[in-house]
């Protein structure tokens, strides 16, 4: 999963989850709830065990569930035989995802609502930005970053060596 994401940029750049689509040891109802929760939570979702010879419907069902929560053009990474000589990586959109195009050697990662597909010449990238989103009524230019004083940030790692001096957008100090 991480190898595939790293090959195309930073698809796993923010919150993500990993879900097995195999219902041999986990009831499908449980798997389906997890997919629903991932969709509602806007997580990047990586699926492993996406299909087998006897089990080919779960991936298409997972796709349909995620389409309830994100646009059809959401980027999807299909990585087959990752880290092996015959590695194949394909970037498609969520509405193009089909179980017939994958096998048990395939990992499928579906972006979230912030994930982007970028084409730069012959190179394709997919990334999911980290950071804070601004309210839809205000543009990012309406904010300025502030430096958090040492030991006062509780949003990340709270140890002093990590919290001191990083920045946050804030509405408390509008940009001049």
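Quick look at the values:
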{"item": "Residue 134, sole failed condition from (1) modelled with pLDDT under 85; (2) assigned by TED's automatic domain parsing to the domain that holds residue 43; (3) assigned to a loop (DSSP other than H, G, I, E, B)", "result": "(2)"}
{"item": "Meets criteria (in a loop (DSSP other than H, G, I, E, B), surrounded by 15 or more Cβ atoms within 10 Å (Cβ to Cβ) and modelled with pLDDT under 90) for residue 55", "result": "yes"}
{"item": "Check on residue 90, touching a helix residue (DSSP H, G or I) at 6+ places or on another chain (Cβ under 9 Å), over 19 Å from residue 15 (Cα atoms), assigned to a helix (DSSP H, G or I) and free of Cβ contacts under 8 Å to residues at least 40 places away in the same chain", "result": "no"}
{"item": "Matching residues, the range 105-123, being surrounded by fewer than 17 Cβ atoms within 10 Å (Cβ to Cβ) and in a strand (DSSP E or B)", "result": "116, 118, 119, 120, 123"}
{"item": "Failed condition for residue 9, given (1) at pLDDT 90 or above; (2) at positive phi", "result": "(1)"}
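The values are calculated or read from the model by the stated rules, or taken from the named source; none is laboratory data. Remember, it's a predicted structure, so these values are computed and weren't measured experimentally. Cβ: placed from backbone, ideal geometry, glycine included. Neighbour counts: every protein chain shown.
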